[in-house]
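A short write-up of the structure that comes next.
We did not get these values from a lab; they are worked out from the coordinates using the rules stated. Model, not experiment: these values are computed from the prediction. Ideal geometry is used to build each Cβ from the backbone, glycine not excepted, and the neighbour counts take in all protein chains shown.
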Amino acid sequence: MGVSERSGDASSRRIGVVLSVVSASGGAGKSSVAMAVARQCCNRGLSVLLLDGDCQFGGCSRMTGDEAPLSFSQLLRACETGEGVAAEGLTVVGPDAMEYAEQHIPHLPYVARQAAQWFDVVVVDTSGVWTEPLLSLMEASHRVLFVVGQSSSSVMGARRALDLCLRCSVATGSFLFVLNRCSRHSLFTSIDVSCALGGAHVVEMLEGGAVVEELQGCGLAERLLQDGNPFYKSAAAIAEEAVPRCQGAQEERPPAALRDGRRMGFMASRRRNDAAKRGKHQLAAQEGALRAEEALWR
């Protein structure tokens, strides 16, 4: 998805929702949550920009398999010139070379606000470093998804980050805390984290299994949405809570080829089950015949 001329006054359009995804610890699954929420918003017919705010080691474009994503410098140039960006489906913006990170990070709040003129939803996957540009980005965001991992260090890091926001006069009313990788065997529940954060509202992202990392690492994140992975299913509820336009929106049906493939897979499984049943009956009949023959010899 590239830069394109846009007709009409951008100010006459509805301003989209800026959704920042942050975390106070590494390994909490922040990028996976950002990708899942962006996919769910796109699945409801909204134009979504997934902006990789980790200008050094960002890998959102690898999750989608996009080998030539729109670069941050291209998006920044489009914002400064007013050219705009073609807003269709899911557009991923990846980082430039690492040496440009220090130059680009201060522009994150500006780029996110400008891109909201062209997209229904702007999801910003931030880095794990809490600096002044990150605080400015959170202030410019309509909602902030604060991802907490299943570790005590992640919970305490979230507590320290909240204290920082208090000292810097950053409003936290837009924060939505997301406890990642929840299951029956998880260390923490949303109630535990809510108590640790002073009664904050915490929602849960279900554990999706090793297949989440495997498919995202292969650039097949869309398969998780199509297969109904629990991790992506729980992202739907978060998208509806964070983005008002997702509430009540009808999910788009999968392509006909995918629906036919599911039907064929179902019929194939039925054929396999029927064959297995016939095999069991045949085996039982053979065993009965052998027992009858042995009885005659006796």
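Could you tell me the calculated FRET efficiency between residue 151 and residue 226, based on Cβ-Cβ distance and R0 = 25 angstrom, to the nearest 0.05? Kindly include the intermediate steps, with their values, before the conclusion.
Working: r = 31 Å, r/R0 = 1.23.
After rounding to 0.05, the efficiency reads 0.25.
Using modelled backbone amide H atoms (1.01 Å from N, in-plane), which distant-in-sequence or interchain residues come within less than 5 Å of residue 176's amide H?
Result for residue 176 returns 144, 145, 146.
Suppose each label sits 7 Å from its Cα in the direction of the beta carbon; what would the residue 214-residue 98 distance come out to in nanometres?
Output for this residue pair reads 3.0 nm.
All other residues with a Cβ under 12 Å from the Cβ of residue 234 taken together, and with Lys, Arg as +1 and Asp, Glu as -1, what is their net charge?
Numbers: positive: 181, 233; negative: 204, 207, 240, 241.
With Lys, Arg at +1 and Asp, Glu at -1, the net is -2.
Could you give me the ³J(HN,Hα) list for region 91-98, computed from phi with Karplus coefficients 6.51, -1.76, 1.60 and θ = phi - 60°, whole Hz, x at Gly and Pro?
10, 10, 10, x, x, 7, 4, 4
Can you tell me the alpha carbon radius of gyration of region 92-170 divided by the globular rule-of-thumb value 2.2 N^0.38 Å?
Working: Rg = 13.9 Å, N = 79, 2.2 N^0.38 = 11.6 Å.
Relative to the rule-of-thumb radius for its length, region 92-170 sits at 1.20.
Could you tell me the calculated FRET efficiency between residue 80 and residue 164, based on Cβ-Cβ distance and R0 = 35 angstrom, to the nearest 0.05? Each step should come with its number before you reach the end.
Numbers: r = 31 Å, r/R0 = 0.88.
It comes to 0.70.
Magnitude of the Cβ-charge dipole of region 10-246, K/R +1 and D/E -1, about the Cα centre, nearest 20 debye? Intermediate values should be presented prior to the final figure.
Values: 17 positive and 24 negative charges, 134 e Å.
The dipole magnitude comes to about 640 debye.
Kindly write out, for region 227-242 in residue order, the coupling ³J(HN,Hα) from the Karplus curve 6.51 cos²θ - 1.76 cosθ + 1.60 (θ = phi - 60°), rounded to whole Hz, with x marking Gly and Pro.
7, x, 4, x, 4, 6, 5, 5, 5, 5, 5, 5, 4, 5, 6, 8
Where does each of 168, 60 land when they are ranked from fewest to most other beta-carbon atoms within 10 angstrom? Don't skip to the end; give the middle numbers.
Working: 168 12, 60 26.
Going from least to most buried by this count: 168, 60.
What is the spin-label model distance, in nm, from residue 247 to residue 187 if the labels are put 7 Å beyond Cα along the C-beta direction?
The answer from the label model is 3.5 nm.
For 238, 191, what's the fewest-to-most ordering of other Cβ within 10 Å of each Cβ?
Values: 238 22, 191 11.
Least crowded to most crowded, the residues run 191, 238.
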